[in-house]
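Q: If you scroll down you'll find the structure; I have some questions about it.
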Number of protein chains: 2
Amino acid sequence: MSKVTAQLSVSADGFYAGPRHTDDGDGDWMASAESAGFFRVTRWVTDAMAWRERQGFAGGERDTNSDVVAEQFAAAGAYVMGRRMADGGEVPWGEEPPFRAPVFVVTHRPRQPLHRRGGTSFTYVTDGVASAVAQARAAAGGRNVAVAGGGSLVRQVLRAGLLDELELHVVPVVLGTGLRLFDADLDLGEKEAIELTPTRVIHTPQVTHIRYVVGGRAPLVLDDRGSGGGPTATR
Amino acid sequence: MSKVTAQLSVSADGFYAGPRHTDDGDGDWMASAESAGFFRVTRWVTDAMAWRERQGFAGGERDTNSDVVAEQFAAAGAYVMGRRMADGGEVPWGEEPPFRAPVFVVTHRPRQPLHRRGGTSFTYVTDGVASAVAQARAAAGGRNVAVAGGGSLVRQVLRAGLLDELELHVVPVVLGTGLRLFDADLDLGEKEAIELTPTRVIHTPQVTHIRYVVGGRAPLVLDDRGSGGGPTATR
């Protein structure tokens, strides 16, 4: 059965983009602080040959990071995507977007499906994230359903208990401000957490890839192992 | 010359403790949501034999994580600590705190130095974080100055450009809410970042240790590598 996966490039302080760009119709997202942060944390992707090939760009590095990109493309049989990301990508991705698979866009605005060259289609789902994931699963042909972002959508899928696997690509930079993958809307109780199990770590100078299997919600229980010990210097 | 280092255990979503406990004098920090989060992300420490030995506790794991703890204790010739952490630890650390080195506490409240058994002393520094770091450096005997936390103090040292090395101990859990190591007070410009260079990654099932050398502030420059490419599924 298909797994539902998400991958996001984040800074060491947890941002996947700079501060949110307010679109006032001038179309200058590319010049915004949001994009400056986004392009910094995704530099390892845009440098990768596997990504550049899909975008029709020459050059790029054929290295471990490129293998990680290629692996992600190969594993995904269908995508689920937020509306803002789909809108932002529509023009730059052009007539032949890099997905080469069905994409289900979670939105409040009904719209006819969009069919592109190379196997990419965009289907606009107006009845919620669970429905989008179910439709993607049906379309994935046994391969994975990849939650493509942005962060808000990843959080919705995580909060709904639908995410099987999360891979963080942790980039060695501190942005200080911007859009956080993990914001305050996970709806976890004060002494509740979501436990993860790391299953793979790949480290390169440009980025550390940490893959987690997502466990269920679990209470935070204080056992007696730390008894007598308050905060310590080794924390 | 001494390096100024900081180590903090953080959840996958960047929290080093649960939501801040408001001390109303009832002394129940240990029962708070703040401590529940703190003890979850420091569980790998309290399980480590190297930490338990310093605290006078029996048992513990003699493993890679314990080696990381032992290495940190050995590398630190002096500590800089926030006032809240020093206050919270004063009772539980007892007559023989685990530091065995001079500790410089950044505070607004003048207080006589406190001398404990085993080589630990607490000196209260009221003229700022740079002064505390300078005094710790003079006392460190060529070993490192370790910024012991909490997060607010680590950010102050980072913001002041005084931090040479940062090690994040990334614990596989999502807390959803709490005290963040990286909060919004780093004073970075919108298109400005602090670049890091990862120098060591050690991965265990309990925690991923990522050590960074801290570079300077740098502008976020959009180069042409990502040209034509908007947000992509591989981000």
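The values are calculated or read from the model by the stated rules, or taken from the named source; none is laboratory data. Only a predicted model underlies this, so the values are computations on that prediction, with no experimental measurement involved. Positions of Cβ are backbone-derived with ideal geometry, glycine not excepted, and every protein chain shown enters the neighbour counts. Calculation scope for accessible area: heavy atoms of the full protein, side chains included, ligands and nucleic acids excluded. Shrake-Rupley method; radii C 1.70, N 1.55, O 1.52, S 1.80 Å.
Q: Kindly work out what percent of the DSSP beta bridges joining two residues of the stretch B:4-226 are antiparallel, to the nearest 5. All intermediate terms of the calculation are to be shown ahead of the outcome.
A: Working: 20 of 44 bridges.
Percentage antiparallel, nearest 5: 45.
Q: Could you give the accessible area per residue of the protein assembly as shown, probe 1.4 Å, as a whole number in Å²? List each step's numbers first, then the result.
A: Numbers: 18650 Å² over 470 residues.
Ligands and nucleic acids excluded, the result is 40 Å² per residue.
Q: Which of B:Ile210, A:Thr123, B:Ser121 sits farthest toward the positive end of the charge dipole of the protein assembly as shown, with +1 on the Cβ of Lys and Arg and -1 on the Cβ of Asp and Glu?
A: B:Ile210
Q: Let me ask something else about it. GNM, chain B, Cα, under 10 Å: largest mean-square fluctuation among B:Met49, B:Met30, B:Met85?
A: B:Met30
Q: Rounded if a/c is under 1.5, else prolate if a/b is larger than b/c, else oblate: which is the stretch A:4-222, with a ≥ b ≥ c the root eigenvalues of its Cα gyration tensor?
A: rounded
Q: Treating each Cα of the stretch B:89-166 as an identical point scatterer and ignoring solvent, apply the Debye formula and state log10 I(q)/I(0) at q = 0.14 Å⁻¹.
A: So the normalised log intensities work out to -0.45.
Q: Pick from B:Ser121, B:Ser11, B:Ser131: which residue has the top mean-square fluctuation in a GNM of chain B where Cα pairs under 10 Å get a spring?
A: Fluctuation is largest for B:Ser131.
Q: Separate question: So if R0 is 41 Å, what FRET efficiency would B:Arg143 and B:Arg20 give, r being the distance between their Cβ atoms, rounded to the nearest 0.05?
A: Numbers: r = 32 Å, r/R0 = 0.78.
With a Förster radius of 41 Å, E is 0.80.
Q: If you plug each phi of the stretch B:8-13 into the Karplus form 6.51 cos²θ - 1.76 cosθ + 1.60 with θ = phi - 60°, what whole-Hz ³J(HN,Hα) values come out, in order, with x for Gly and Pro?
A: Once θ is set to phi - 60°, the couplings for the stretch B:8-13 become 9, 7, 9, 6, 4, 9 Hz.
Q: Please list, ordered by chain and number, the residues whose modelled amide H lies under 5 Å from the amide H of B:Thr120; skip anything fewer than 5 residues away on the same chain.
A: Hits under the 5 Å cutoff: B:Arg100, B:Ala101.
Q: Let me ask you something else. Residue by residue through the stretch A:109-123, what is 3J(HN,Hα) from phi via Karplus (6.51 cos²θ - 1.76 cosθ + 1.60, θ = phi - 60°)? Round to whole Hz and write x for glycine and proline.
A: 9, x, 7, 5, x, 10, 10, 10, 6, x, x, 7, 10, 10, 10
Q: Most fluctuating residue of B:Arg40, B:Arg109, B:Arg84 in a GNM of chain B with Cα springs under 10 Å: which is it?
A: Of the options given, B:Arg109 has the highest mean-square fluctuation.
Q: Could I ask something else about it? Round to the nearest 0.05 the FRET efficiency obtained for B:Arg62 and B:Glu90 when R0 = 25 Å and r is the Cβ-Cβ distance. Mind dumping the intermediate values first?
A: Values: r = 29 Å, r/R0 = 1.17.
Step by step, r from the Cβ atoms, then E = 0.30.
Q: Over the protein assembly as shown, what is the percentage of antiparallel beta bridges among all DSSP beta bridges, to the nearest 5? Can you show the working numbers first?
A: Numbers: 44 of 92 bridges.
Roughly 50 percent of the beta bridges in the protein assembly as shown run antiparallel, per DSSP.
Q: Shortest first and in nm to one decimal, what separations exist between B:Arg143 and its copies in the other chains, measuring from label points 7 Å along the Cα-to-beta-carbon line?
A: Result for B:Arg143, in nm, nearest copy first: 5.4.
Q: Just how large is the dipole of the protein assembly as shown about the Cα centre, in debye to the nearest 20, putting +1 at every Lys and Arg Cβ and -1 at every Asp and Glu Cβ? Mind dumping the intermediate values first?
A: Values: 50 positive and 56 negative charges, 107 e Å.
With only Lys, Arg, Asp and Glu charged at Cβ, the dipole is about 520 debye.
Q: Hey, can you grab everything whose amide H is under 5 Å from the amide H of A:Ala6? Only 5+ residues off in sequence or another chain; H modelled, so Pro and N-termini drop out.
A: Amide H neighbours of A:Ala6: A:Val147, A:Glu165, A:Leu166, A:Glu167.
Q: Let me ask you something else. Given R₀ = 30 Å, what would the calculated FRET efficiency be for B:Ser121 paired with B:Trp29, taking r from the Cβ atoms and rounding to 0.05?
A: On the way: r = 24 Å, r/R0 = 0.80.
About 0.80, to the nearest 0.05.
Q: Continuing with the same structure: How far apart are the B:Arg100 label points across copies, placing each 7 Å from Cα toward Cβ, in nm, shortest first?
A: Label-point separations across copies, in nm and ascending: 5.8.
Q: If you don't mind, another one. What 222 nm value per residue comes from the helices of chain B, counting each DSSP H run with n ≥ 4 as -39,500 (n - 2.57) and dividing by all residues, nearest 500 deg cm²/dmol? Provide the component values of the computation, followed by the final result.
A: Values: 7 runs with 63 residues, N = 235.
Mean residue ellipticity, 222 nm, calculated: -7500 deg cm²/dmol.
Q: Counting pairwise Cα distances across the protein assembly as shown, what percent come out greater than 39 angstrom?
A: On the way: 27168 of 110215 pairs.
Above the 39 Å cut-off, the protein assembly as shown has 25 percent of its Cα pairs.
Q: Note down the net charge around A:Ile194, summing +1 for each Lys or Arg and -1 for each Asp or Glu among other residues with Cβ under 15 Å from its Cβ. Could you put the intermediate results ahead of the total?
A: Working: positive: A:Arg155, A:Arg159, A:Lys191, A:Arg217, B:Arg40; negative: A:Asp164, A:Glu165, A:Asp183, A:Asp185, A:Asp187, A:Glu190, A:Glu192, A:Glu195, B:Asp13.
Here the count lands on -4.
Q: State, to one decimal in nm and shortest first, how far the label point of A:Ala218 sits from each corresponding label point in the other identical copies (label point: 7 angstrom along Cα-to-Cβ).
A: Values, ascending and in nm: 3.8.
Q: If you take the square roots of the eigenvalues of the alpha-carbon gyration tensor of the stretch A:17-96 and sort them as a ≥ b ≥ c, do you get rounded (a/c under 1.5), prolate (a/b over b/c) or oblate?
A: Values: a/c = 1.96, a/b = 1.56, b/c = 1.26.
In terms of gyration-tensor shape, prolate.
Q: Around B:Val125, with a cut-off of 14 angstrom between Cβ atoms, what is the net charge of the other residues, counting Lys and Arg +1 and Asp and Glu -1? Before the final figure, lay out the partial values.
A: On the way: positive: B:Arg83, B:Arg109, B:Arg111, B:Arg137; negative: B:Asp127.
That sum, taken over residues with Cβ under 14 Å, equals +3.
Q: Right, another one. Hey, what do the phi angles of the stretch A:138-145 turn into as Karplus ³J(HN,Hα) couplings, whole Hz, using 6.51/-1.76/1.60 and θ = phi - 60°, x for Gly and Pro?
A: Going residue by residue, I get 5, 8, 7, x, x, 7, 6, 8 Hz, with x marking Gly and Pro.
Q: Which chain A residue comes nearest the axis with its C-beta when you rotate A onto B, and by how many angstrom?
A: Per the Cβ-to-axis criterion, the result reads A:Gly14, 2.
Q: Non-local amide H neighbours of A:Thr204 (under 5 Å, H modeled in plane, Pro and chain starts lacking H): which ones?
A: For A:Thr204, whose amide H was placed from the backbone, the distant partners under 5 Å are A:His209.
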